Amino acid sequence: MPNSPAMPLAVQVHPADNVAVIVNEGGLPSGAVLPSGVVLTENIPEAHKVALTDIPAGSPVVRYGVTIGTALRHLPRGCWVHEELLATPTAPALDHLPIATAVPAPLPPLEGYTFLGYRNDDGTVGTRNILGITTTVQCVAATVEFAVRRIKAELLPRYANVDDVVAITHNYGCGIAIGAPGAEIPIRTLRNLALNPNLGGAPLVVSLGCEKLQPGQLLPVSTLPILNREPHIVRLQDEQHHSFGDMVAAIMQMAERRLIELNQRQRVVCPASDLVVGLQCGGSDAFSGVTANPAVGYAADLLVRAGATVLFSEVTEVRDAIDLLTARAATPEVAAALIREMAWYDEYLGRGEVDRSANPSPGNKRGGLANIVEKAMGSIAKAGTTAITGVYGPGERVATRGLIFAATPASDFICGTLQLAAAMNMHVFTTGRGTPYGLAMAPVIKVASRTSLANRWSDLIDVNAGTIASGEETIPQVGERIFQLILDVASGRKETWADHWGLHNEFALFNPSPVT
Ligand code: CA
């Protein structure tokens, strides 16, 4: 077992914790003795929790120094503490939260860190030079995808400086209540995807003609100041097109004009402050909160110190830690915006007669996460330790620097799509169970929480943070590695595994409004 400790080992995160997480690959048998002297009373799987003391029925089970649940029966020292033995606490109420009471002091600035990027007319910077084709409606998706296959085969090879061609296809645009509350979320998401820094401005738009979401609503005049010109539009129903072949030819002509422009762009030295790094987790396990997420949190602090924008998201995975976040808000206004996003999502989930406890998956639980409280306490470690300086709603374009809460669902592809709309130009994704996740529009660095996953998926995982659990590396060491890798990948010097294999998952819109 490479890099796996031979001795029984468990990680206790906080001195007040009465449970610890088993580190050994494959778990530990009954009778194994931990360094603390605790003797296991039963077999405990890898990443699952062991009771460090006798925990009486009704008493708190404490991890990360917080109560993650109450014992449903007496839990003897050395037993396996799993989801069925815990009652989940209620989420913190949204009134009477601490408001900007523990604002962290700014960390010393980091000077001199740069990357090579494509500077855009609107001041943003791309880490990739991608031709994007926006669509107003699902009806044109197959036609645009047909055209993109031809563009990639016939045109793209002639423009070596262009990285890729991406069709922003989706299932929105018609058959929808376009004026209903919540409809602004998918509409602004599509708008801001078209404006993602990695597409270099000047969107190309393919429209059907009769759809509800018209090009002028998708990219209204108010967005034009941040474009360097009006968008180019091909409407398939225009009478000038006499055949499907005509439509495809029109899309390809529009694309080639843009390829010529994009091909002339060169990477230039940009300060690290031009990075907009989206953080996400997916397929989390009980190690995520002690290895991968704290290491990413350390990298997030370095990025904030370098003046960059760092996005953290996933409302249902921060909901149980909202009291910690409102305390960390830089101003009362930021705290109020955090509460606003939590309240909106509570109401949204309530319409489906669920709450945030519907979040954890069977795989999360097999990975040792007992419930949403334990998952949330691990999840927020990604956000590092700096003050929260801004809050944006789902699909809004982020325009401020520092640590930003960009509200999204936790669903991996919806979160990734919304972070792209928020102007993300680099993505860092932590996983414990493993997922072959990737995005077409921004590079994705995948960080594994466990050495066993990093070894098994050595051609999918970019960073192994499992070395923290086994004591081979510290959180700052892995965090520094992630920070450096972000700069290298952003510059095009290193390739992620997702880009190597072309793992580009489809866009997934968040549409909380009615369809008709
Ligand atoms: Ca997720």
**Message:** Under 5 Å between amide hydrogens, which residues at least 5 positions from Ala10 or on another chain qualify, with H placed 1.01 Å from N in the peptide plane?
**Reply:** Val23
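Per the Kirkwood formula on distinct C-alpha pairs, the Rh of the chain is how many angstrom?
Details: mean 1/r = 0.0418 Å⁻¹.
Evaluated over the chain, this radius sits at 23.9 Å.
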**Prompt:** What does the accessible area per residue of the stretch 1-90 come to in Å², with a 1.4 Å probe and no ligands, DNA or RNA counted?
**Reply:** 46 Å²
**Request:** Run the dipole for the chain about the Cα centre, Lys and Arg Cβ at +1, Asp and Glu Cβ at -1, nothing else charged, and hand back the magnitude in debye, nearest 20.
**Result:** 460 debye
**Prompt:** Applying the Karplus parametrisation 6.51 cos²θ - 1.76 cosθ + 1.60 with θ = phi - 60° to the phi angles of the stretch 464-479, what ³J(HN,Hα) value in whole Hz is obtained for each residue in order, glycine and proline being reported as x?
**Reply:** 9, 9, x, 4, 6, 5, 8, x, 6, 9, 9, 4, x, 4, 5, x
**Request:** With a 1.4 Å probe and every protein chain left in place, work out the accessible area per residue of the stretch 118-263 in Å², rounded to a whole number.
**Result:** 40 Å²
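Arranged from highest to lowest average of other beta-carbon atoms within 10 Å per residue, in what order do the peptides 225-238, 207-220 appear? All intermediate terms of the calculation are to be shown ahead of the outcome.
On the way: 225-238: 16.1, 207-220: 18.3.
Result, highest mean first: 207-220, 225-238.
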**Complete:** With all protein chains present, the stretch 76-139 has a carbon and sulfur share of its accessible area (1.4 Å probe) in percent of 56 percent
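Could you give the accessible area per residue of the stretch 271-501, probe 1.4 Å, as a whole number in Å²?
Details: 6360 Å² over 231 residues.
Roughly 28 Å² per residue, with all protein chains present.
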**Prompt:** What GluC sites (Glu not before Pro) in the stretch 220-263 are in a loop by DSSP, with at most 10 other Cβ atoms within 10 Å of the Cβ?
**Reply:** Glu239
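Grab the DSSP H runs of the chain that are 4 residues or longer, score each as -39,500 (n - 2.57), total them, divide by all residues and round the 222 nm result to the nearest 500 deg cm²/dmol.
For the chain, the value works out to -8000 deg cm²/dmol.
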**Fill in**
The set of residues whose placed amide H lies less than 5 Å from the amide H of Ile55, leaving out same-chain residues fewer than 5 positions away, is Leu75, Arg77
**Complete:** The correct ranking of Asp121, Asp320 by accessible area at 1.4 Å, largest first, is Asp121, Asp320
**Item:** Whole-Å distance, taken between Cα centres, linking the stretch 352-389 and the stretch 253-320
**Value:** 20 Å
**Request:** Compute the Rg/Rh shape ratio of the stretch 121-189: radius of gyration over Kirkwood radius, all on alpha-carbon atoms.
**Result:** 1.07
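Give the relative contact order (percent, whole number) for the chain; include only Cα pairs under 8 Å separated by 6+ residues. Provide the component values of the computation, followed by the final result.
Numbers: 1220 pairs, mean separation 95.8, N = 516.
It comes to 19 percent, rounded to a whole number.
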**Prompt:** Of Lys152/Lys382; Lys49/Lys446; Lys212/Lys494, which pairs sit farther than 31 Å apart, going by alpha carbon to alpha carbon?
**Reply:** Lys152/Lys382; Lys212/Lys494
**Asked** Want the number for Thr67 to Phe413: 0.36 nm per residue separation, take away the alpha-carbon distance, what's left?
**Response** 121.5 nm
**Complete:** Karplus ³J(HN,Hα) for the stretch 318-335 (6.51 cos²θ - 1.76 cosθ + 1.60, θ = phi - 60°; Hz, whole; x = Gly/Pro) runs 10, 4, 6, 10, 4, 5, 6, 7, 5, 5, 7, 4, 5, 9, x, 5, 5, 4
**Top positive-direction residue, dipole computed over the stretch 271-501 with Cβ charges, set Pro332, Val290, Val276** = Val290
**Prompt:** So how far apart, in nm, are the two label points at Thr114 and Asp238 if each is 7 Å from Cα heading toward Cβ?
**Reply:** 4.3 nm
**Request:** Output the relative contact order of the stretch 271-501, whole-number percent, from Cα pairs under 8 angstrom with separation of 6+ residues.
**Result:** 30 percent
**Asked** How much space per residue, in cubic angstrom, does the convex hull of the C-alpha atoms of the stretch 118-263 take up?
**Response** 105 Å³
**Item:** Listed peptides 98-106, 370-378 by packing density, highest first (mean Cβ within 10 Å)
**Value:** 370-378, 98-106
**Message:** Suppose each label sits 7 Å from its Cα in the direction of the beta carbon; what would the His74-Arg351 distance come out to in nanometres?
**Reply:** 4.9 nm
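Report the FRET efficiency, 1/(1 + (r/R0)^6), for Glu230 and Asn263, where r is their Cβ-Cβ distance and R0 is 22 Å, rounded to 0.05. Walk me through the numbers on the way to the answer.
Working: r = 22 Å, r/R0 = 0.98.
For R0 = 22 Å, the calculated efficiency reads 0.55.
Taking the Cα centre as origin and putting +1 on Lys and Arg beta-carbons and -1 on Asp and Glu beta-carbons, what dipole magnitude results for the stretch 1-90, to the nearest 20 debye? Don't skip to the answer; put the middle values down first.
Details: 4 positive and 7 negative charges, 36 e Å.
For this selection, approximately 180 debye.
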**Solvent-accessible ranking of Met426, Met252, largest area first, probe 1.4 Å** = Met252, Met426
**Message:** At 7 Å along Cα-to-Cβ for each site, give me the label-to-label distance between Val39 and Thr53 in nm.
**Reply:** 2.1 nm
**Message:** At 0.36 nm per residue, and after removing the present C-alpha to C-alpha distance, how many nm does the segment from Ala16 to Ser491 gain when stretched out fully?
**Reply:** 166.7 nm
**Complete:** Kirkwood radius from Cα pairs of the stretch 269-338 plugged into Stokes-Einstein at 10 °C, 1.306 mPa s, gives D in µm²/s equal to 116 µm²/s
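Carbon and sulfur together cover what percent of the accessible area of the stretch 362-436 at a 1.4 Å probe radius? Present the calculation step by step, with values, prior to reporting the outcome.
Values: 910 of 1620 Å².
It is 56 percent, rounded to a whole number.
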**Complete:** Cα-based Rg then Dmax for the stretch 371-516, in Å, read 15.9, 56
**Item:** Distance histogram in 5 Å bins (all Cα pairs of the stretch 271-501, percent per bin)
**Value:** 1, 8, 16, 21, 22, 17, 10, 4, 1, 0
**Complete:** For the stretch 1-156, the percent of all C-alpha pairs falling in each 10 Å bin, from 0 up to the bin holding the max distance, is 9, 22, 15, 13, 21, 18, 4
**Request:** Within the stretch 41-117, report the trypsin sites (Lys or Arg not before Pro) that DSSP leaves as loop and that have at most 12 other Cβ atoms within 10 Å.
**Result:** Arg73
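Go through the stretch 48-153 and name the GluC sites (Glu not before Pro) that are in a DSSP coil and have 12 or fewer other Cβ atoms within 10 Å of their Cβ.
On the way: sites: Glu83, Glu84, Glu111, Glu145; in loops: Glu111.
Here the GluC sites (Glu not before Pro) that fit, given the DSSP loop and packing criteria, are Glu111.
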**Hz values of 3J(HN,Hα) by residue in the stretch 371-385 - Karplus curve (6.51, -1.76, 1.60), Gly and Pro given as x** = 6, 5, 5, 4, 5, 5, 5, x, 5, 6, 4, 4, 7, x, 10
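The values are calculated or read from the model by the stated rules, or taken from the named source; none is laboratory data. Predicted model, so just to flag it, every value in this text is computed and none were measured. Because the Cβ atoms are built from the backbone with ideal geometry, glycine has one as well, and the counts that use them run over all protein chains shown. Heavy atoms of the whole protein, side chains included, go into the accessibility calculation; ligands, DNA and RNA do not. Shrake-Rupley method; radii C 1.70, N 1.55, O 1.52, S 1.80 Å.
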